[in-house]
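What follows is one structure encoded as structure tokens, with my remarks underneath.
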Amino acid sequence: EDLLCIQEDGTVLIYNLFCEFKRHFSMGNEVLQNHVLEAKVFHTEYGTGVAILTGAHRFSLATNIDDLKLRRMPEVPGLQKPPSCWAVLSQDRVTIVLLAVGQDLYLLDNTSCSVVTPPGMSPSAGSYLRMAVSFNYRCLALFADSGYIWMGLTSLKEKLCEFNCSIRSAPKQMVWCMRPRSRQRAVVMAWDRQLMGVGNSTEGIHGEHRFVLDEDSYLVPELDGVRILSRTSHEFLHEIPEASQEIFKIASMAPGALLLEAQKEYEKESQKADEYLREIKDQKLLPEAVSQCIEAAGYEHEPDTQKSLLRAASFGKCFIDKFPPESFVRMCQDLRVLNAIRDYQIGIPLTFTQYPLQDGAGLLGPSRLVLRRLYPLAIRICEYLRLSKIQGVSRILAHWACYKVRRRLGKDKSDEEVAHAINQKLGDTPGISYSEIAARAYDCGRTELAIKLLEYEPRSGEQVPLLLKMKRSKLALSKAIESGDTDLAGWAPLPVPTCPHSPVAPQFCKHQERETLKDLYNQDDNHQELGNFHVHSSYSEKRIEGRVGALQNAVDEYYKAKNDFAAKATEDQIKLLRLQRHLQEDFDKPYLDLSLHDTVSNLILDGHHKRAEQLYREFKIPDKRYWWLKLSALANRGDWEEMEKFSKSKKSPIGYLVRVSL
Amino acid sequence: MAAAGSSDAPEPPDFGILKRLARDQLIYLLEQLPGKKDLFIEADLMSPLDRIASVSILKQHEVDKLYKVESRPVLNTSDQFCFLVRPRIKTMRYIADIVNADKMSGRSRKYKIIFSPQKFYACEMVLEEEGVFGDVTCDEWSFYLLPLDEDIISMELPEFFRDYFLEGDHRWINSISRALQLLNSLYGPFGKAYGIGRCAKMSYELWQDLEKESEGDSQGRKPEIGNVFLMDRDMDYVTTLCSQVVYEGLVDDTFRIKCGSVDFGPEVTSSDKSIKVLLNAQDKVFNQIRNEHFSSVFGFLSLKSRNLQAQYDRRRGMDIKQMKNFVSQELKGLKQEHRLLSLHIGACESIMKKKTKQDFQEMIKAEHSLLEGFDIRESTSFIEEHIDRQVSPIESLRLMCLLSITENGLIPKDYRSLKTQYLQSYGPEHLLTFHNLKRIGLLTEQSAGETLTAVESRVSKLVTDRAAGKITDAFNSLARKSNFRAISKKLGLIPQVDGEYDLKMPRDMAYVFSGAYIPLSCKIIEHVLERRSWSGLEEVVRLLNSNESVISGTASSTMWGKWAGMGGLRAGGIHSALPHPDSTAEDNPAWEAQRMVLAVFLGGCTFSEIAALRFLGKERGFKFIFLTTAITNSARMMEAMIEAKA
């Protein structure tokens, strides 16, 4: 429910119900240069669209103003002056323009322009002056300058009827007046002081009906009828539904009419009531009578008439054993809500047919109220209709809170107070998202208020992203840690340099940026981890020198960390690496990356006993190990001679039994 | 059901629904990307996926080719790539590389990443950094729970152990809480919850928050599982470090059971190909021996084979009609059983061969003396020899850890020398491994803490228990100690038996370790379930250093009493008054649920523990359902600690 204003240069301004400016957009350069000649706003399943006829006699379309995509329609050949009339059609999800130039009709779609002729068009019709498309885009009416009216389907495949009226001049307005699912179609035209209804139906408008208008009026086509607005009055012209017709037709003998009569007599305490009732009952039409009354009540606008019809229905109900009460209850509820919103102070004069359509799951009614900021009424309606809290009340409250935040009235109040006031009203209502409200507050530039509101948000998961957006990374981090869900904190490391003490930063960097990780450890003087870091990076070094360098760094760090063992072990590793390189060069066999044990073992296997002995001494290999190693290596090699020599050299520290088992 | 005695354990609920839920969601996700697509699957998701949806199901939903993540797709013509991955940064890099390579060569494809079980923000950040965030769509496959067997549910997150206990990464806690929430909504509401450990507590609290947020309509539904017991792996490392001797555990140690199935190689199948066998309760032979001590398995198997032979033999002397019946009805089952039997016999032989080669008996002896705490010197030199002879890097490491944890750390001299020996034997890169093990508390050095214990024990005699608890906490912050010996004494974990322990007719859970040791984790569970509270365990809880989980947590949920150490914990359930075993009818569903216990192991659980608790359940009329982050054993735990040379 917004107001769209289209300016000559193609700028479209959007205002809300309170005439507060919301936003604007432009319809493109072409429109800007050639100016707007005529503009139409239309509704499709995609949303609200705008169609513009430019000064260059070309059309521009935007099918959805919320998701703006401009479309320039192809040129109409030979179009020199503006078309006499045009309309936007929506068929099978495609939006097209139908325009009339003199006696020709053109259909403009995305790519092409084609001439069309409506079937059964009278050849003497003359040129077209007006056209009207029905609310659901199914029917089309054309008015020609001979007073000829053609009515048919928009597909231009079928003619519904034609008609000649006495007035030649073009009507000020021409609109369709029909009900959904009704077979009776009629077109209403308005001239300055005259209203004319034209239709083909057998019962409704047939032929020509004229009404006199007292004032200048404007017609608004709607789903189930036509609203006639003038300076002093607001009338609704619609086809009378069957139920109402049956009941209120003069001398009607329909069951509903009889039931109404019976009830009236009953109130007068007259025995005629019984007679009427009997008459219905004899025909076994009582259930029908009741439902007729219920249905008709819905179409009435006067509460008194509604009441008398409902009273009749409830009266009739007493005489039926098992009449399902839902329809009656539902109607009473609906009417109460409808009457409440039709009240002149609220001013939403919906008809009954429009109500369920607008309402959907009983929500749009309240949400239109919310847009009008009629929060108390909306809440009361929700409570009356017993909508679940999450669907109804909490949504309204959330809207209210957002409005409250946006409205700068609270300026004299501190942020604290506003937040507190909101929390008092909202409490722990299920379905309320404080973070959404806070986000709104932040959008309005009230960061402090947003933070205060976030305090009420029970789910840390919702707090963190917004806090980060507001660049409160410290607070976000502490919230994330509080939640115990490090994945949230996973957001926080983004600005690692700004918050190096995040407990997750190291982990994150471990995978991401090893350099940052080093800086982090440096900042913390974590020498142990720095040592480990260097050892780690030594593995990725290809060249021996690089590896030794990295390991040397590690040794330094380990000493700083007072981890003598690690330092010593790393020094040994460096020593081993250098040795292995020598061995590799000397024997042209791969020795690198073997453990000390394997290195010595390999040396013995290859018969380099001297070198093995040297390593044994240099690395202070325990005797036990050396014996195991040497014996098994020799055995593997099958070098029994050497084994005997070895076994005699010293006393075995591992006993002789083992040797046998080898 | 009414006829069943109270000691009969109830039937476990049907966990098949978990599979169906996972499958349906996966199909839904695949259909979100209509048309033919290639699917890239993370290597460790392959086996779980196999249990959920077959290749033909994937093909039905227009999956064209299957790739393993990490392998380069060669000249791929498909227009759509779908990645089914764990939320890992490395994998994100891999995907980003593919996308960027496509961009360079001007190819345009659709990419969809499905994270299982959930997406981490860090992953999105990496995608963003690599500049491909806009090119991919992300989805979550909330596949938290894989039922491996009728009583085992695994989250298949082996990395949880390292991520949480070593790196202190709390991200998976969210997944655990969601898994608990799912189980609670399907089989709950759980009546009572117990737990010990920091992670258990955090998961529990987050889970409760989730429950509050969702306000599920679980009220009034008949619960199928009555109790939950959450336990952190670091409460009991000893049990994981022991060699397993029940059949299922041995199979796991020897052949590695992967996702409920095992590959028996040629040496078992006595043919030239390996056979993949699903190990669960459906396998009738396996089901009867899985929980048995290995020594009784052979006897059982030979008896079984004789029975089978007898059944085959029946067919002699049958007339044609009987024969027809036999062939159509029994033969298939017999053949199947026969096949399985020969496989398990093969497996047993293979295990025997391997174990005798490694001086298994001697190792078991050393382990037992470590557990009982005598002949420490001898065991130490056994370990030393083990290292010197390069028997196996994993085994050596395991024994060192076992020594350290049972002895409250190694004495400084041994600590240095064993480490040096180890580095010499298995390579210097294990320096980092030792650092990891120290951090996690598996391999530590005895420090001044030892003398403090003496002081402490004197102090505790003087002051009240509570104050002593505080003092211990202070000491513990200096040196994290396992206090295994004290706990073992307190709980009687080492059974005192006269003569031989009868492994065929075990009396207690110690049978899973040849009667030498009752698993600590299982003992705690037994104790708490028996008393329905932590009372009587105050001292043990203190020794386990888990008082801190009381202190650090503010019990936000009013529904719950106090956390571990003080009293029983009650989650909001439907029965405020627990039906007492002897006061209510046995067919009462609430009572039935009361005997169903969900044992949650955070950081993995071993088959020995599962066998022990199954045994306990049979004895006490409980039925245990196991939920674990992954099935583990000593080797897996050690491997998680080893720093890969990358």
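Here, each number is a calculation from the coordinates, and none is a lab measurement. A quick note: this is a predicted structure, and the numbers were derived from the prediction, not measured. Neighbour counts run over all protein chains shown; Cβ positions are idealised from the backbone, glycine included.
Observations, loosely collected:
- Convex hull projection area averaged over all views, region A:3-228, Cα basis, nm²: 13.1 nm²
- Separation of region A:615-639 and region A:45-99, taken as the distance between their Cα centroids, equals 93 angstrom.
- Placed amide H near residue A:176: partners under 5 Å, 5+ positions off or other chain: A:188
- The alpha carbon convex hull volume per residue for region A:76-155 rounds to 88 Å³.
- Kirkwood Rh and Cα Rg combined as Rg/Rh, region A:112-253: 0.98
- Of B:258/B:419; A:284/A:317; A:589/B:419, those spanning more than 24 Å from alpha-carbon to alpha-carbon: B:258/B:419; A:589/B:419
- Across all directions, the average projected area of the convex hull around the alpha carbons of region B:37-135 is 6.1 nm².
- Bridging of residue A:22 to lysines at a Cα separation below 18 Å is possible for A:404, once same-chain residues fewer than 8 apart are set aside.
- P(r) weight above 15 Å for region A:594-648, C-alpha pairs, percent: 38 percent
- Each residue of region B:437-443 was assigned a 3J(HN,Hα) from its phi angle through the Karplus expression (A = 6.51, B = -1.76, C = 1.60, θ = phi - 60°), giving 5, 5, 4, 7, x, 8, 9 Hz with x at Gly and Pro.
- With K and R counted +1 and D and E -1, the other residues having a Cβ less than 15 Å from that of residue A:8 yield a net charge of -3.
- For residue B:23, the shell of other residues with beta-carbons less than 13 Å away shows a net charge of 0, using +1 for Lys and Arg and -1 for Asp and Glu.
- Look at the stretch B:415-427: the mean tally of other chain Cβ atoms within 10 Å of its residues' Cβ atoms is 5.
- Residue B:381 versus residue B:416: modelled label distance in nm, points set 7 Å from Cα along the beta carbon direction: 2.1 nm
- Cross-linked pairs B:37/B:103; A:568/B:90; A:159/A:249; B:355/B:490; B:37/B:68; A:264/A:307: Cα-Cα separations exceed 23 Å for A:568/B:90; A:159/A:249; B:355/B:490.
- Count Lys and Arg as plus one, Asp and Glu as minus one, and take only other residues whose Cβ is under 15 Å from that of residue A:574; the net charge is then -3.
- Looking at region A:538-625, the trypsin sites (Lys or Arg not before Pro) that sit in a DSSP loop and have at most 16 other Cβ atoms within 10 Å of their own Cβ are A:542, A:543, A:562, A:620.
- Once you reduce region B:22-91 and region A:523-550 to the center of their Cα atoms, the two points are 39 Å from each other.
- When region B:239-357 is reduced to its Cα atoms, the Kirkwood hydrodynamic radius in Å: 15.6 Å
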